[in-house]
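Below is one structure; the comments refer to it alone.
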Amino acid sequence: MIDPRLEQGLSPRERFELDRLWQALRAGSAHGSRRDMLRWSALAAGAVATARYGIAAAAPVRAPLSLRQDAPITEGAEISVPFDAFGQPITLDPHRSADYGGFWVMYPNVWGGFLRYDELGRIALDLAEQVVRSQDGLRYTFTIREGAMYASGNPVVADDFIASWTRALDPANLSPMVAFMQPLRGFDAWIAGEADAELGFRAEDERTVIVELTDPVTYFPSFLAAFVWAVVDPAVIEASGQENFVLNGAGTGPWQFTEYERDTRFVMEPNPNYYDPLSPSLVRITWPVFNGPDAAQSALDLYRDENAASADVPLSLLADVDGDPALAAELRRLDTSQATIRSLAMDFRQPPFDDVRVRRAFGLAFDRERYAEIYADTWTPATVFTPPIVNELSGYQPPEGFPFDPEQARALLAEAGYANGEGLPDIIFYHPSGDSDAELERVTAVLQMLGENLGVTIGLDTARSQTEINETIIDTGGLQIGIMWWQTITDTAFLLSDVFRPDSPFMDGVFNWSPDLEPLGGDPGAAAASFTELVAQADIELDAATRNDLYQQAEALVLENAVYVPIANWVPMFVQKPWLQGTRQGPWTGRLPILFDQNVVVVDGG
């Protein structure tokens with residue numbers, strides 16, 4: 001969210017850019033929570049040009065979790081699913097909600113659009129019967145599935161999509177998720193408030209919507225699957241008002257919101273007009289809302305008392321769960337196909353990190369196995385930036401990874417003029433105030449590990465809040481050293497472009513990899529220019545093999561220049577009652593199932 005002190009007097013375009021920057025800086029917090037993943041990148045699904053788009057109808061791609069085919073199903077079941085908002089406001093309105101991971105997984109139960117994600121982050125059809133992309137990649141034609149209806153009973157027609165998208169793009173009340181609409185033709189002019197601006201979408205007839213893009217970006221289908229593109233029933237909005245429509249059947253998902261106590265709980269009940277069969281078991285899902293530092297503990301207590309179907313297990317609660325035989329038996333780890341990456345990052349414009357040799361030295365001295373030990377194996381070592389799920393979905397093969405070699409690290413530091421760490425300027429790592437003692441111990445241990453391997457001292461400042469750290473970054477034009485956490489939902493390596501492109505708000509003014517850098521210990525400026533050309537081609541390349549090769553060359557430049565030094569991939573953990581079966585969780589979802597659909601049931605004993 002934009003700091004209100006900075007928002008006054010800004011144009012819609014300036015608010016949009018500032019919000020993206022603010023999200024990027026918050027994403028850099030070293031906290032081990034999903035609130036740090038505020039910027040979710042996009043997924044592109046490869047397709048044959050001028051043909052039916054290569055997106056499958058929504059269907060499981062892996063077996064549901066722990067499904068017992070012979071288990072007797074409980075009809076009329078009601079369950080409770082704790083929801084940790086991590087400080088984000090909850091409105092239940094898909095066009096007004098913050099870009100926070102929990103919303104991405106919870107909302108599709110109620111709000112639908114043309115496309116959605118499966119549990120891996122792969123694109124699937126939702127309200128689209130088919131999608132056709134033009135040969136040049138600039139135009140998409142969507143056909144609404146036959147008989148699509150809202151929970152209200154009203155039919156879904158093409159004009160409803162236009163009204164919904166225009167609502168999200170209201171310059172006076174832009175959606176916090178508006179960045180996911182940026183590929184639209186006319187977007188920049190519209191956001192800038194130009195009088196003659198026109199957006200690139202229209203209703204061709206009652207069942208056909210045309211969407212036109214500024215550039216043929218291959219990640220657009222993923223952006224379109226984000227909940228900001230959801231369609232809401234305009235008749236319900238007109239009858240109920242902008243605040244109350246969320247409780248009056250305005251969505252198309254398998255569920256509908258029926259109760260909401262602000263910041264306390266919300267309730268879902270089945271949508272009788274959903275296009276697919278509903279759960280033969282579930283009739284009510286209550287989501288108690290938890291917030292603040294005790295949220296995870298409160299949810300786990302609810303679970304332990306048999307009053308919740310599942311609960312997250314962050315590192316802070318892992319020992320408690322492992323020490324309880326009943327909980328330990330129900331602990332689940334999503335330790336394959338991880339979708340997140342933590343990386344060490346350093347500012348190219350702040351000494352000593354303006355020297356590529358110093359950057360590489362810090363990267364070579366980072367012991368990933370030790371990092372995993374410090375974090376109790378809730379992270380697994382990683383030597384490349386692109387998360388493993390991208391490789392699984394697209395066939396992308398990353399370049400050779402960043403090694404661990406402390407001897408070479410010390411040699412590079414000496415070559416840069418800092419033998420044994422002598423002569424180095426002060427290096428300060430900022431960690432937000434208010435964190436637990438246990439997390440501060442872990443951060444301290446990581447910095448000590450890195451310092452000892454290099455023979456240097458790294459200072460730790462814990463006196464500033466995250467907001468104050470962000471303001472310091474803005475004031476100084478960069479963050480000297482930090483650990484960033486990103487999640488991808490892409491089956492291409494588009495996250496490289498989104499994060500490292502020199503003009504992105506996640507690089508410009510933060511870590512400052514730029515073509516205008518002077519050569520020092522390498523030529524990072526020339527590398528930045530080459531990277532920009534490579535990802536610009538890759539982002540619009542329709543041939544998957546060519547696109548993968550371009551991204552691979554770009555990622556090699558990131559690693560060679562230690563723009564980010566990959567550290568580890570996150571392993572989400574949660575407990576779930578054995579009587580809740582048929583759920584599908586993966587790197588895209590974490591604990592929450594991709595949908596509470598016809599596969600999800602309560603069996604006897606629940």
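One table, with the values for the structure above:
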read-out	value
On Cα atoms only, tilt of 12-27 relative to the major axis of the chain in degrees	70
Rounded to 10°, Cα long-axis angle of helix 544-560 versus longest principal axis of the chain	40
Low-density loop positions, GluC sites (Glu not before Pro), the range 333-414 - DSSP coil, at most 11 other Cβ in 10 Å	400
Between 0 and 90°, nearest 10: helix 466-476 axis offset from the chain longest Cα axis	50
3J(HN,Hα) from dihedral phi, the range 205-218, Karplus parametrisation 6.51/-1.76/1.60, rounded to Hz, x for glycine, proline	7, 5, 10, 10, 10, 9, 10, 10, 10, 6, 10, x, 5, 6
Segment residue 411-residue 457, extension gain: residue separation times 0.36 nm, minus the distance between their alpha carbons	14.9 nm
Value of relative contact order over the chain, rounded to a whole percent, pairs C-alpha under 8 Å and six or more apart	22
Using θ = phi - 60° and Karplus 6.51 cos²θ - 1.76 cosθ + 1.60, couplings along the range 134-151 (whole Hz; Gly, Pro as x)	5, 4, 8, x, 9, 9, 10, 10, 10, 10, 5, 4, 4, x, 4, 9, 7, 4
Likely footprinting exposure, 274, 117, fewest C-beta neighbours within 10 Å first	274, 117
Per-residue Cβ neighbour rank within 10 angstrom, fewest leading, 532, 264	264, 532
Net charge, residue 136 excluded, C-beta distance under 13 Å - Lys, Arg +1, Asp, Glu -1	0
Among [x] -0.49, -0.62, -0.77, -1.07; [y] -0.55, -0.67, -0.80, -1.04; [z] -0.42, -0.56, -0.71, -1.08, the entry derived from the coordinates for log10 I(q)/I(0) by the Debye sum over Cα atoms at q = 0.07, 0.08, 0.09, 0.11 Å⁻¹	[z]
Cβ-placed point charges (K, R +1; D, E -1), dipole of the chain about Cα centre in debye, nearest 20	760
Under the Karplus curve 6.51 cos²θ - 1.76 cosθ + 1.60, θ = phi - 60°, whole-Hz ³J(HN,Hα) for the range 332-343, x wherever Gly or Pro sits	10, 10, 8, 9, 10, 6, 4, 10, 10, 9, 9, 9
Alpha-carbon Debye profile of the range 340-570, log10 I(q)/I(0) at 0.13 Å⁻¹	-0.76
Residue 468 versus residue 243: modelled label distance in nm, points set 7 Å from Cα along the beta carbon direction	3.6
Order of 551, 140 under a 10 Å beta carbon neighbour criterion, fewest first	140, 551
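No lab work stands behind these numbers, since they all come straight from the coordinates. Treat the numbers as computed from the prediction; the structure is a model and nothing was measured. Please note: Cβ atoms are built from the backbone with ideal geometry, for glycine as well, and neighbour counts cover all protein chains shown.
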